Each structure stands twice: as C-alpha cells, then as structure tokens.
Amino acid sequence: MTALTTEPLASDSTPLKLAPRRHYAQVVGAVAVLLLAFLLIQSLALNKNMQWSTVWRYLWNDQVGKGIVTTLVLTVICMVMGTILATVLAVMRLSKNKVLSTVSFAYIWFFRGTPLLVQLIFWYNLAALFPTLGIGIPLTSVSASVSTNVVITAFVAAVLGFTLNEAAYMSEIVRAGIQSVNVGQREAALSTGMTEGQCMVRIVLPQAMRVIVPPTANQAINLLKATSLVAFISGGDLLSAVQDIYAVNFAVIPLLVVASIWYLVVVSVASVGQHYLERRVGKGFTHFSEDAVRDQIASIKAAQGGNV
Amino acid sequence: MKPMVEIIDLHKSFGKVEVLKGINLQVKPGSVTSILGPSGSGKSTMLRCVNHLEQPTGGAVKVNGDYVGYTRKGDVLSEISGKALAKQRAGIGMVFQRFDLYAHKTALENIIEGPLRVLGQSRSAATEEAMTLLERVGLRNRARAYPAQLSGGQQQRVAIARALAMKPKVMLFDEPTSALDPELVGEVLAVMKEVAASGMTMLVVTHEIAFAREVSSEVVFMADGYIVEQGDPNLVLRKPSHPRTKDFLSRVL
C-alpha cells in the first residue's frame with residue numbers, strides 16, 4: 001500500500017485564515033429599512049395634524065393617568081382570578097370524574113364560543129334579566145336580596161366579563177402545560193405516598209409553568225389591550241379616558257397616540273417581567289446552575305489533589 | 001413467617017388484551033426476588049400492580065398483610081380512598097427505568113420532598129437524613145445538582161436514595177439499569193447490592209442475569225402473562241426446566 005501524503009495547509013506553513021461569509025443583502029436591506037423608517041417618522045413628526053404639543057400635554061394628564069391605573073388594576077385582577085379559575089377548570093377537564101370534565105368542557109365551550117364584547121355588555125345589563133340578586137335557603141323563607149344595578153357597576157361587570165372569559169382561554173393553556181409534564185413525574189410522586197393533590201401542586205404544576213408562562217404572557221398582553229372594550233360600558237379605563245377628552249376637544253388622533261404610547265410602555269415593562277419569570281420557571285431545565293458548577297469544580301479539584 | 005408481598009391470582013387487562021393471566025407469588029421479608037422474562041411478558045405490569053400504579057382487573061396484592069388499594073369486608077374487596085392508598089404507597093418504594101427524578105428540584109430536594117410532605121418530618125431532620133443517604137449512594141457532593149446535570153447512573157442512585165428516604169418495607173425496581181449506558185450499569189447495581197445486604201425486601205424486574213444470580217434469593221421467570229418457572233437462582237438460571245426459560249436464557253447469555 002502506498003503511503004498517503006498531505007500538503008501543508010498554507011503556503012507559508014501558518015494556519016489558514018477563516019473568512020466569515022459577507023452578508024451584503026443584509027446591509028442593503030438595513031439601509032432600505034432605515035430609509036423607509038426615516039420617511040415615515042418625518043411624515044409623522046413634521047405633520048401639523050399630529051399636534052405633538054397636545055400629545056405631550058395629555059401624556060401627563062390626570063384623567064389619562066387614572067385611566068392607566070384602571071386599565072392596570074382591571075388587567076391584574078382579571079388575569080389573577082382568571083388564571084386561578086383556569087387552573088381549577090384544567091384539572092377538572094383532565095379529571096377521570098366524568099361530571100367534572102363535562103362541566104369544564106361546557107364552560108370552555110360557552111365562554112370561548114361567544115364574543116367577549118357580548119359577554120361584557122351582558123354582565124353590564126344583568127339587571128334587565130335579574131332585577132334583584134339574592135341568596136336564600138331553598139324551601140325556607142330565609143333570604144336576602146339587593147338591586148342588581150347596585151352590585152353590578154361598570155367595573156364589576158368588567159371584572160366578571162374578563163375573568164370568566166380569560167379563564168376559558170387560560171384553562172386550555174394550563175391543560176396543555178399539565179399534559180406536557182412527563183407522566184413518570186406523577187407516578188414517581190404517587191409512589192412516594194403523595195396524594196393526587198400534592199402531586200399536582202408540588203410536582204406537576206411547577207414544571208407545567210415552563211410551558212404555561214410564555215402563552216400566558218401573551219394572554220396578559222392581550223387582556224391589557226382588550227380591557228379597552230370597557231369603553232363600551234363607560235368603564236373609566238385608558239381608552240375611555242382619552243375618548244372622554246377628545247369628545248370635548250376633538251383632538252382625536254393626538255389622544256389616540258397618547259393612549260397607544262401608554263399601552264406600548266406597559267406592554268414593554270410586562271415583556272421584561274416575562275423574561276425574568278421564564279428564567280425562574282425554567283429552573284432545572286438548563287445544564288447551567290452556578291451552585292452545581294461550583295460543586296463540580298470543587299470535586300474535580302479534590303480528585304486532582306488541588307493541582308488545578 | 002408471613003410473606004412481605006403476596007400476589008394472589010392477579011389478572012390485568014388493557015382493553016381486550018390480557019397482560020396478566022393469573023399470577024401467584026409470595027415474597028419473604030428480607031428476600032430479593034428477580035423477575036426475568038421477555039418484553040411483553042407482563043413483568044413491569046405485575047410490579048406496577050404491587051403499589052397500585054396499575055389497578056388489577058382481578059385478584060389482589062397484599063403488602064405486609066394489607067390489601068393494596070382495597071379493604072376486605074367479608075368476601076368483598078372495597079376500593080379505599082386516595083388518601084388511604086397514598087399512605088400504603090408511602091411504605092412501598094419504587095425505582096423507575098427512566099429515573100423520573102423531579103426535574104425542577106435538586107438531588108437533595110428530590111430526596112426530602114417525601115419525608116417533608118408525606119411523613120411530616122422537619123426540614124433539618126429530613127435534610128440530615130438525605131445527606132446520609134446521598135453519602136450512602138456516593139453522591140454527597142452532588143446534592144445541589146439538578147437531574148439534568150447528573151449522568152444517568154447518578155440520577156438512578158439519587159432515585160434509589162429518594163425511595164429509601166421514605167423508609168419503605170419493600171422496594172420495587174422496574175428495570176433500573178435498562179436506560180443506562182453500559183459503563184454506568186455497575187454503579188447502580190453496586191448500590192442495589194448494598195441495599196439488598198441491608199435486609200431490604202426487594203422485587204427487581206431486570207435483564208441483568210449476573211445480578212439476578214449473584215444477589216437474588218429467588219428468581220421468577222415470566223412469559224405471556226404467566227409465571228412459568230421460579231425458584232433458587234442457581235437452579236433456574238443454570239438448569240432451566242421450562243422451554244421458554246431455556247429459550248430466553250440461551251438468547252441473553
């Protein structure tokens with residue numbers, strides 16, 4: 001057999017140089033995008049109809065501020081209550097108990113199947129269906145009741161509407177999360193004597209969170225903007241606030257810009273929160289943890305007699 | 001002497017497929033029983049019936065004198081509550097083929113979870129015992145590692161420690177080395193030998209013939225949902241009498 005010969009790499013015996021691929025199309029694209037962005041900004045910034053001074057003035061308006069607070073409070077309350085209800089619904093849906101899973105199925109079917117705006121207006125007008133709301137013990141005369149219109153304010157109607165609707169959507173997300181957890185995790189937990197409930201709370205749900213959080217952040221952002229629907233029932237949110245203002249001064253576009261700026265600010269802050277939350281619930285699913293790496297380095301050092 | 005585990009005419013079907021067709025087995029306290037057989041013979045299903053991860057379709061399993069998952073009233077076995085079943089399971093340790101350590105918890109947290117939540121131990125007492133167990137399986141310096149940062153062999157050793165932390169009366173091993181790279185099998189078998197030597201009653205579904213011969217006091221050979229042969233490992237493994245056992249051993253040895 002003849003021996004294989006090999007040529008030296010570079011002519012002067014130094015290592016060959018590595019030349020990264022040039023992305024010319026990317027540069028051309030970037031220039032085009034920048035140009036278009038410049039033209040767009042110019043047409044908006046120099047447009048007298050935008051009334052930037054009005055925008056700036058109302059950005060810090062008290063009424064707008066109250067609107068933001070209402071929007072935030074509504075979003076947080078409905079998201080928290082909706083998620084709790086959703087978790088219950090998801091566990092019911094996955095239950096072997098046919099009654100529970102059917103009830104959950106029917107709930108989700110109804111609340112996903114009817115428009116959110118219809119549900120909202122329905123709750124606001126509940127008095128038309130039930131003029132009084134009461135509790136009582138059946139077959140006895142013990143009861144108490146109040147006028148529906150006293151209980152169901154615009155805010156309460158909004159909380160009811162968004163929470164019940166959000167729960168229907170969120171429960172499907174939670175269900176997907178629960179089902180994404182390997183069945184072995186459940187069996188391992190049960191085999192150590194945990195009850196089904198303990199297993200769900202301690203082992204399954206914490207791991208399901210990894211799958212649940214990203215679409216939940218999506219839902220939260222969606223809900224934040226969907227709360228603008230309460231403008232239909234004069235709910236006092238951010239959109240209602242700017243509508244009330246432009247109904248008087250007719251500066252429609254500048255005030256919609258004000259609302260949009262604030263929505264963007266809140267969503268941006270929420271996105272940062274999402275990033276940190278995802279990192280937290282991803283615990284154990286990366287190969288990197290400072291504690292463990294430190295332990296490993298220590299044990300390697302020990303094995304080599306400290307000669308590192 | 002009363003058996004620690006008693007399997008009485010156990011039947012199990014999945015839909016129309018009958019996987020266990022009447023299993024009878026008695027396991028002495030402190031003994032190690034290896035369960036061998038071709039895949040699909042019902043070994044794992046039988047083991048999973050012992051702690052009621054699978055619900056039998058007929059027959060019963062008794063552990064330490066109690067019917068698992070049932071209470072007997074006259075000639076009727078009535079299903080017990082989930083809470084009562086959990087209490088029974090706490091006394092039956094199990095080690096799985098895929099380890100199934102809680103992925104979001106460190107090795108130490110995996111071990112103390114049961115003692116904290118089920119036995120109601122204090123965190124300091126549970127942690128102290130867990131560290132002793134980690135020492136026993138040779139992983140004291142990996143206490144803070146997450147399962148994803150451990151090798152398969154290390155994960156399985158933590159899983160054994162997790163089961164031991166509940167101070168079970170019986171330990172079930174469902175093919176504990178089948179998912180491991182060949183060079184990692186030895187470290188897990190070594191830990192299992194040590195557990196056996198400590199007097200633990202063990203039921204082991206395995207393909208490790210050498211382990212079965214060396215460590216077990218009884219070998220059970222299953223095929224097609226029946227126990228076809230059982231007895232002293234030296235006898236069953238050296239001079240099998242049933243044709244299915246002979247056939248299986250000639251393939252794996």
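The values are calculated or read from the model by the stated rules, or taken from the named source; none is laboratory data. Predicted model, so just to flag it, every value in this text is computed and none were measured. Positions of Cβ are backbone-derived with ideal geometry, glycine not excepted, and every protein chain shown enters the neighbour counts. SASA here: full protein model, heavy atoms, side chains in, ligands and nucleic acids out. Shrake-Rupley method; radii C 1.70, N 1.55, O 1.52, S 1.80 Å.
Enclosing the Cα atoms of the stretch B:125-248 in their convex hull gives a volume equal to 121 cubic angstrom per residue. Computed over protein heavy atoms with a 1.4 angstrom probe, the accessible surface ordering of A:Trp60, A:Trp109, A:Trp123, A:Trp52, largest first, is A:Trp109, A:Trp60, A:Trp52, A:Trp123.
Per-residue packing, averaged as other Cβ atoms within 10 Å, sorts the ranges A:10-21, B:74-85 into the order B:74-85, A:10-21, beginning with the highest. Packing here is the average count of other Cβ atoms within 10 Å per residue, and on that basis the peptides A:124-130, A:67-73, highest first, run A:67-73, A:124-130. May I ask for log10 I(q)/I(0) of the stretch A:63-170 at q = 0.19 Å⁻¹, from a Debye sum over the Cα atoms as equal point scatterers with solvent left out? These q points yield log10 I(q)/I(0) values of -1.07.
Per residue, the convex hull spanned by the Cα atoms of the stretch A:42-89 measures out at 106 cubic angstrom. Near the amide H of A:Val181, within less than 5 Å, lie no amide hydrogens of residues on another chain or at least 5 residues away, with H placed in the peptide plane.
If R₀ is 25 angstrom, what is the calculated FRET efficiency for the pair A:Asn222 and A:Ala106, using the beta carbon separation as r and rounding to 0.05? After rounding, the FRET efficiency stands at 0.60.
Mean projection of the Cα convex hull over all viewing directions, computed for the stretch B:42-144: 8.3 nm².
Expressed as a whole percent, the proportion of Cα-Cα pairs in the stretch A:194-265 lying more than 19 Å apart is 54%.
Calculated mean residue ellipticity at 222 nm for chain A: -22500 deg cm²/dmol, from DSSP H runs with n ≥ 4 weighted as -39500 (n - 2.57), summed, divided by the residue count and rounded to 500. When each of the peptides B:144-154, B:240-250 is scored by the mean number of other C-beta atoms lying within 10 Å of its residues, the order from highest to lowest reads B:144-154, B:240-250. Choose one answer from A:Asn222, A:Asn97, A:Asn149: the residue with the largest mean-square fluctuation in a GNM of chain A with alpha-carbon springs under 10 Å. For chain A, modelled as a Gaussian network with Cα springs under 10 Å, the answer is A:Asn97. Taking chain A on its own, what percent of its Cα-Cα pair distances exceed 30 Å? Value for chain A (Cα pairs over 30 Å): 60 percent. Taking the Cα centre of the protein assembly as shown as reference, the dipole from Cβ charges on Lys and Arg (+1) and Asp and Glu (-1) amounts to some 260 debye. Hydrodynamic estimate: the Kirkwood radius of the protein assembly as shown over Cα pairs, inserted into Stokes-Einstein at 10 °C and 1.306 mPa s, corresponds to D of 54 µm²/s.
In chain B, Cα pairs under 8 Å separated by at least six residues give a relative contact order of 26 percent.
Evaluated at q = 0.17 Å⁻¹, the base-10 log of the normalised Debye intensity for the stretch B:180-253, with identical point scatterers placed on the Cα atoms, takes the values -0.69. Bridges between two residues of the protein assembly as shown, per DSSP, are antiparallel at a rate of about 65%. One way to sum up the overall shape of the stretch A:5-56 is the equivalent ellipsoid from its Cα gyration tensor, whose semi-axes run 55, 10, 6 Å, largest first.
The Rg/Rh ratio for chain B is 0.97, where Rg is the radius of gyration of the alpha carbons and Rh is the Kirkwood radius.
Backbone geometry of the stretch A:135-147 corresponds, through the Karplus equation with coefficients 6.51, -1.76 and 1.60 at θ = phi - 60°, to 3J(HN,Hα) couplings of 10, x, 9, x, 6, 10, 9, 6, 6, 9, 8, 9, 5 Hz, x marking Gly and Pro. Dividing the Cα radius of gyration of the stretch A:1-134 by 2.2 N^0.38 Å, with N the residue count, gives 2.27. For B:Thr201, nonlocal amide neighbours, meaning residues 5 or more places apart or on other chains whose placed amide H falls under 5 Å from its own, are B:Gly30, B:Met171. For the stretch A:89-147, the C-alpha radius of gyration sits at 1.57 times the compact-globule guess of 2.2 N^0.38 Å, with N the residue count. Hydrodynamic estimate: the Kirkwood radius of the stretch B:93-152 over Cα pairs, inserted into Stokes-Einstein at 10 °C and 1.306 mPa s, corresponds to D of 133 µm²/s.
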